[in-house]
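S.K.: Here you go, one structure.
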Amino acid sequence: MRRYQTALVILTLTLAALFPESSHAALPRDGRNCYIFVHGKQTTNQSYYYWSVARAYWNDPSGITSGTIGLVMSPYPFEQRSFYVVNYNGSAAWWDATAGGTVAWQILNATNGGSDNGGNRCAYSYAQGGRFIVIAHSMGATIMDAILGNSRPGDPNYNYAGYPLSTVAQRISYVISLSGAHRGSELADAVCKGLSSVCGFIAWWVASCDAATDWLRTDVDRNVMTYSNAPARNVWLIGGYRGLASSVCLSGQDDGAVQYASQFACNGLATTPYSNPWVCGNLYKQQAFGFRNVDAAYEDHFQCKDCSQWGQRIAITDGAWYCGSAPCQPGTIIFNSSPTCAILSSYADQLW
């Protein structure tokens, strides 16, 4: 961890000195790195049958990236980045063979040098020294919790149903979670438990209580933490706090779909009303270790993956940013205008 902190201080100072805050010029990359994208919940099963649906999930509607993966935007040309887009059934429960099982098998394929269903492949396989970074959004992060938390002998569902969980955990470097539904969503509670007709109506993108929504409820018997141990690789947490109309149904700060207690994988009640800049620290996560805070951005649940919102980024409790030689105090404005895709464009390779 100290290695990461020291490196980040240097990078932050270098970027601040050489580039205007709004430019976020990307740093040179090791060609071994490959980015594996795991999308979130879908209202239908089309992302399982049609890779183009999963690919479109990451598109940048603002046009900044000219149709490439919106999350890791230019100015560093995306053609020089190695990537793989996973497609799975986003309407199924996170543990289902067509969801979590498919994600595990496709990540294995990526690390073996195979292509995704759109023909993209990592430049280097695991055997050739490739390095694999998973970027997961929403329910995609829930699935990664299940994979990494059941990858070791002694884990409650070790290599569940024959999925190659242990191999996947061995081969990836870490996960970056964007508005992850680690503890579920109160909107799923509203839809599936009928707690509020108003909230059920507002949560229009959930549409119905399908299997995915049911298994994204905040109840303990639906939480991935109940069926997993600590992740075998670090999961870095980035949250959003630009609420939507649906925020009236969520506790504390939220991104319009997932409350902070879930985005930051907090222990205790999944409905604890955390508010900026105070979130659960790295020692108070849903598992004893493996979850690490990065920061929070003024983005809603969708904007964190599509480069469409240039808002403030703030330091949070136990966040990753350093101000000089010391951690930035919670509440410090890290950037006045910066989408998550720009931050990952510069720093995704620098986590440990």
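S.K.: So with the 1.4 Å probe, I'd like the accessible area per residue for the range 194-352, rounded to whole Å².
M.R.: Solvent-accessible surface per residue comes out at 36 Å².
S.K.: Determine the dipole magnitude for the range 273-332: charges of +1 sit on the beta-carbon of Lys and Arg, -1 on that of Asp and Glu, nothing else is charged, the reference point is the Cα centre, and the result goes in debye to the nearest 20.
M.R.: So the magnitude is around 160 debye.
S.K.: How much length, in nm to one decimal, is gained on full extension between Ala326 and Tyr50, taken as 0.36 nm per residue of separation minus their Cα-Cα distance?
M.R.: Length gained, Ala326 through Tyr50: 94.7 nm.
S.K.: Set Lys and Arg Cβ to +1 and Asp and Glu Cβ to -1, take the dipole of the range 250-352 about its Cα centre, and tell me which of Cys341, Cys328, Val258 lies farthest positive.
M.R.: Final value for the positive-end residue is Cys328.
S.K.: Let me ask something else about it. How far is it, in nm, from the label point at Arg32 to the one at Asp214 when both lie 7 Å from their Cα along the line to the Cβ?
M.R.: Taking the two extended label points, one gets 4.4 nm.
S.K.: Using only Cα atoms, what Kirkwood radius does the range 230-322 have, in angstroms?
M.R.: 13.1
S.K.: Okay, which of the range 307-323 sit inside 16 Å, backbone N to the point 7 Å along the Cα-Cβ direction of Tyr284?
M.R.: So the set is 316-319.
S.K.: Mean separation of Cα pairs under 8 Å and 6+ residues apart, divided by the residue count of the range 114-203: what relative contact order is that in percent?
M.R.: Reported relative contact order: 29 percent.
S.K.: A further question follows. Mind listing the Cα extents of the range 129-190 along all three principal axes, in Å, largest one first?
M.R.: 42, 26, 15
The values are calculated or read from the model by the stated rules, or taken from the named source; none is laboratory data. Given the structure is predicted, the values throughout are model-derived calculations rather than measurements. All Cβ positions, even for glycine, are placed from backbone atoms using ideal geometry, and neighbour counts span all protein chains on display. Keep in mind that these areas ignore ligands, DNA and RNA; they rest on the heavy atoms of the full protein, side chains included. Shrake-Rupley method; radii C 1.70, N 1.55, O 1.52, S 1.80 Å.
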